[in-house]
Amino acid sequence: MSVPSKPIDTDALLTIADDLVARARKLGAEHAEAAVIQSRSTEVAVRDGALEAVEGSESRDAGLRVFFGKRQAGVSFSDLSRTGMDQAVERAIAMAKAAPEDPWCGLVEPDRLARGLPDITLYEQPRWSTEELADIAREVETAARDIDGVSMTETAFASNGETASASIATNGVSYTARRSSHGYGVSVIAAREGGMERDYSVTSARRQADLRDRREIGREAGERTVARLGAKQMPSGIRPVVFDRRVSARLLGALEGAISGPSIARGTSFLRDRLGEPVFAENINIIDDPHRDWGLGSRPVDGEGVANEKRHIIENGVLTVWLLNAPSARQLGLQTNGYATRSLGGSPGVSATNLHVEAGSQSPNDMIADISDGLLVTEMFSPSLNPNTGDWSVGVSGFAISQGQVAEPVSEITVAGNLVDIFKRLEPADDLVFWSSVNAPSLRVDSLSIGGA
């Protein structure tokens, strides 16, 4: 299968969005906004060197939100024929007229819109053919299967694709964007003495040059899998815990939710009274950078057309900002500040873009060296968080730490604590890498509760 010769036409998407807004205004909508997104991708899976699946997809979807005073409604749909668009617009209009009033809804005021778009590079035309994707997946799989102890492949894959979007609204919003994606990875299984373990490694990026080495990804998956064999529960207790950089960024997800404008406006955040106060130790800086070239979370403006910028969310331990969209800003009596996200046909959400914890000065090995009895977490699943109090627990697996060394594998255990306390005691290592939209180095927290045997 060959790759498309031309990128997706963003001007054509903008024309569709403009048409939707015009149709809504013609039927009486006071204001309206529309977005159109088109994506196409190819993914190839192999197992035992043989081609297992080839999946090619292409979609074009639209969303429309309309306003009558303080009443709003939205629809999302994929039938972009004239009839399909007419039906979608009529449905949105009817729902908006019947909707209850929302005092905080509405498009962003025109004077709050970005006056120019920064030049961010996020697109490289995908060029891997199906045959090349299969060869890449085979190379990754071979490297994983070469690790002694790996017994079978769950799947190995490679993919590339692109997404283009266009947005327009009656308040003056009008912009387009184009993004590319490339990636590959492998998941393998190892077995010994009746026990069986699975692990994986993947890499993804907007441009091929930022992908990790194929054989490195395979070796990492194989070595991780074999290292997990023989895992047992560890005794319950209070111990130092080190979160490997593979999972440490998940702690930022809890922070992001706690400082989102909607959570603050509802009063359902354990950090609701902490703006401008120390939340982390003085050496902790957490930065959001929406304009990073090739960033997986980069965007030139937020989802409502408001200018965004690089910010220290946490500066020297102090919480500096709420993440606001227009509705939450209005409810809180504040100005929206560039963190809105667009949903097709729905009200805006909130999120950061490229969020990271600044690296510390210690290596992970040095961080572990003075721990006589502790835990290294390499996998987390099924987290539970009380958003009002910050009480948090999560199932984990990883490795015991004994006398300053990574020791035997452990699993079927939980780690628990209160995030207010955990944030204050986080210590970052020096191994930060940017391989996702949310990144953190390995993080150490002393005296966490571990539930095991």
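The values are calculated or read from the model by the stated rules, or taken from the named source; none is laboratory data. Given the structure is predicted, the values throughout are model-derived calculations rather than measurements. Neighbour counts run over all protein chains shown; Cβ positions are idealised from the backbone, glycine included.
Hey, does the range 212-235 have a residue that's assigned to a helix (DSSP H, G or I), touching a His at 6+ places or on another chain (Cβ under 9 Å) and assigned by TED's automatic domain parsing to the domain that holds Arg40? Checked against the condition, which is being assigned to a helix (DSSP H, G or I), touching a His at 6+ places or on another chain (Cβ under 9 Å) and assigned by TED's automatic domain parsing to the domain that holds Arg40, the range 212-235 yields no hits at all. If you go through the range 166-205 and keep only what is crowded, with 19+ Cβ neighbours inside 10 Å, farther than 30 Å from His31 by Cα and over 25 Å from the mean Cα position of the chain (by Cα), you end up with Ala190, Glu197. At pLDDT 95 or above, over 29 Å from Pro327 (Cβ atoms) and surrounded by 12 or more Cβ atoms within 10 Å (Cβ to Cβ) - does that describe any residue in the range 100-119? Scanning the range 100-119 turns up no residue that is at pLDDT 95 or above, over 29 Å from Pro327 (Cβ atoms) and surrounded by 12 or more Cβ atoms within 10 Å (Cβ to Cβ). For Asp111, are the conditions met, namely being closer than 30 Å to Asp199 by Cβ, free of Cβ contacts under 8 Å to residues at least 24 places away in the same chain and not hydroxyl-bearing (Ser, Thr, Tyr)? No; evaluated as a whole, the condition is false for this residue. Per the conditions (1) out of contact with any Pro (no Cβ under 9 Å at 6 or more places or on another chain); (2) more than 22 Å from Gly345 (Cα to Cα); (3) of a type in the set (Gly, Ala, Ser); (4) touching a residue at least 40 places away in the same chain (Cβ under 8 Å), the sole criterion not satisfied by Ser41 is (1).
Output the residue which, of all residues in the range 308-335 that are touching a helix residue (DSSP H, G or I) at 6+ places or on another chain (Cβ under 7 Å) and of a type in the set (S, T, N, Q), is nearest to Ser298 (Cα to Cα). Among them, the one singled out is Asn325.
Within the range 167-196, can you find the residues that are of a type outside the set (A, V, I, L, M) and free of Cβ contacts under 8 Å to residues at least 40 places away in the same chain? Even if it seems obvious, please write down each step before you answer.
Looking only at the range 167-196, we keep the residues that are of a type outside the set (A, V, I, L, M), and these are 167, 170-172, 174-176, 178-185, 187, 192-195.
Result: Gly183, Ser187, Glu193, Gly194, Gly195.
Taking the conditions exactly as written (of a type outside the set (Asp, Glu), in a loop (DSSP other than H, G, I, E, B) and surrounded by fewer than 19 Cβ atoms within 10 Å (Cβ to Cβ)), does His291 satisfy them or not? For His291, the condition - of a type outside the set (Asp, Glu), in a loop (DSSP other than H, G, I, E, B) and surrounded by fewer than 19 Cβ atoms within 10 Å (Cβ to Cβ) - is met.
Among Arg60, Arg65, which is the only one that is crowded, with 18+ Cβ neighbours inside 10 Å and of a type in the set (Lys, Arg)?
Values: Arg60 fails: crowded, with 18+ Cβ neighbours inside 10 Å.
Arg65 is the lone residue from the list that is crowded, with 18+ Cβ neighbours inside 10 Å and of a type in the set (Lys, Arg).
Looking at the range 339-360, can you tell me whether even one residue there is farther than 28 Å from Glu124 by Cβ, under 20 Å from the mean Cα position of the chain (by Cα), surrounded by fewer than 23 Cβ atoms within 10 Å (Cβ to Cβ) and among the hydroxyl-bearing types (Ser, Thr, Tyr)? Yes, there is a match, as at least one residue in the range 339-360 is farther than 28 Å from Glu124 by Cβ, under 20 Å from the mean Cα position of the chain (by Cα), surrounded by fewer than 23 Cβ atoms within 10 Å (Cβ to Cβ) and among the hydroxyl-bearing types (Ser, Thr, Tyr). Scanning the range 21-36 for residues that are under 18 Å from Gly69 (Cβ atoms) and of a type in the set (Gly, Ala, Ser) turns up Ala24, Gly28, Ala29, Ala32.
Residue-by-condition table, conditions (1) assigned to a loop (DSSP other than H, G, I, E, B); (2) closer than 25 Å to Pro441 by Cα; (3) among the aliphatic types (A, V, I, L, M):
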position: Arg246; (1), (2), (3): no, yes, no
position: Gly253; (1), (2), (3): no, yes, no
position: Gly257; (1), (2), (3): no, yes, no
position: Pro262; (1), (2), (3): no, no, no
position: Thr268; (1), (2), (3): yes, no, no
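Taking Arg272 and the conditions (1) outside the structural domain of Thr153 (by TED's automatic domain parsing); (2) in a helix (DSSP H, G or I); (3) surrounded by fewer than 20 Cβ atoms within 10 Å (Cβ to Cβ), which numbered condition does it fall short on, given that it satisfies the others? The single condition Arg272 does not satisfy is (2).
Note on the range 351-447: enclosed strands (runs of 3 or more DSSP E) holding 2 or more residues that are touching a residue at least 40 places away in the same chain (Cβ under 8 Å) and either assigned by TED's automatic domain parsing to the domain that holds Gly183 or touching a Phe, Trp or Tyr at 6+ places or on another chain (Cβ under 7 Å) (or both) are 373-385, 405-418.
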